[in-house]
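Asks: Have a look at the structure that comes next, please.
Just so you know, all these numbers are worked out from the coordinates, no wet-lab data involved. Here the structure is a predicted model, which means the values were calculated and not measured. Cβ placement follows ideal geometry from the backbone for every residue including glycine, while neighbour counts extend to all protein chains displayed.
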Amino acid sequence: MQTRNFDLIAFDWDGTLFDSTQVIVRCIQAAVCDVGGKKPTDAAAAYVIGLGLAQALAHAAPDVPSEKYPELGLRYRHHYARHANDLSLFAGVLPLLAGLKARGHLLAVATGKSRRGLDDTLRSAELKGVFDGSRTADETAGKPDPLMLHELMAQFDLPASRVLMVGDTTHDLQMALNAGCASVGVSYGAHEPASFDVLNPLHVAHSVPGLQAWLQANA
């Protein structure tokens with residue numbers, strides 16, 4: 001049997017496993033406009049994906065006063081709820097996860113989503129029992145603070161050297177670096193892969209099949 005280099009593989013959710021980047025960008029833009037802010041550019045809205053909701057919306061709407069943040073959050077949730085049924089896992093994600101489980105890897109999610117939002121998604125039959133653990137931004141520190149990964153390491157009694165973080169944003173890769181973990185980036189999500197270079201990922205995958213091939217050979 002092939003020796004594992006990592007015992008735990010932690011995945012970001014939106015833009016890494018879940019094909020939601022463009023919907024989130026549009027929802028952020030609509031929410032900002034709803035409260036009278038200037039519409040963020042696509043790049044500005046995409047940049048904040050992966051952060052906790054309050055942190056993300058504040059960064060995407062610097063001209064919106066802080067007293068409007070609660071309304072801004074509500075408007076974002078309103079727009080996102082309208083599109084929730086339009087979203088799905090990227091093609092190939094389920095076989096990727098099944099292959100890693102078969103090799104004995106522990107799998108986790110480390111996401112900027114809320115606990116309620118993640119749990120709603122994980123209740124689907126196809127994802128039941130796939131993940132061994134998860135952390136969300138509203139129950140611990142948001143990215144790039146390493147607390148999410150530290151808590152997962154503690155849960156499974158693993159050192160940082162046995163944990164791999166996979167994500168589509170610099171927030172994910174910076175979190176891994178801050179936690180002392182290795183990382184892999186994916187280029188098909190929210191951030192341009194050129195921004196990953198300074199964060200030293202082991203690899204940047206350009207598709208889900210490419211990610212699966214690298215993980216099977218190297219994780």
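Asks: Among the residues of the range 115-134, which ones are loosely packed, with under 15 Cβ neighbours inside 10 Å, basic (Lys, Arg) and not in a loop (DSSP other than H, G, I, E, B)?
Replies: Result: ARG116, single match.
Asks: Scan the range 167-198 residue by residue and report those that are assigned to a helix (DSSP H, G or I), under 17 Å from ALA10 (Cα atoms) and without any contact (Cβ under 8 Å) to a residue 60 or more places away in the chain.
Replies: THR170, LEU173, GLN174, ALA176, LEU177, ASN178, ALA179
Asks: Against the condition out of contact with any Asp or Glu (no Cβ under 8 Å at 6 or more places or on another chain) and without any contact (Cβ under 8 Å) to a residue 24 or more places away in the chain, how does LYS128 come out, does it pass?
Replies: Values: out of contact with any Asp or Glu (no Cβ under 8 Å at 6 or more places or on another chain): yes; without any contact (Cβ under 8 Å) to a residue 24 or more places away in the chain: yes.
It is true that LYS128 is out of contact with any Asp or Glu (no Cβ under 8 Å at 6 or more places or on another chain) and without any contact (Cβ under 8 Å) to a residue 24 or more places away in the chain.
Asks: Which of the residues that make up the range 135-166 are free of Cβ contacts under 8 Å to residues at least 24 places away in the same chain and either part of a helix (DSSP H, G or I) or surrounded by fewer than 16 Cβ atoms within 10 Å (Cβ to Cβ) (or both)?
Replies: Taking the range 135-166 first, the residues free of Cβ contacts under 8 Å to residues at least 24 places away in the same chain are 140-141, 147, 151, 154-155, 157, 159-161.
Within the range 135-166, ALA141, LEU147, GLU151, ALA154, GLN155, ASP157, PRO159, ALA160, SER161 meet the criteria.
Asks: Turning to a different aspect of this structure: Restricting attention to the range 1-39, which residues are touching a residue at least 12 places away in the same chain (Cβ under 8 Å) and part of a helix (DSSP H, G or I)?
Replies: THR21, VAL23, ILE24, VAL25, ARG26, CYS27, ILE28, GLN29, ALA30, ALA31, VAL32, ASP34
Asks: If I go through the range 21-56 residue by residue, how many of them are within 17 Å of the chain's Cα centre (by Cα), hydrophobic (A, V, I, L, M, F, W, C) and buried (at least 22 other Cβ atoms within 10 Å of the Cβ)?
Replies: Here the count works out to 9.
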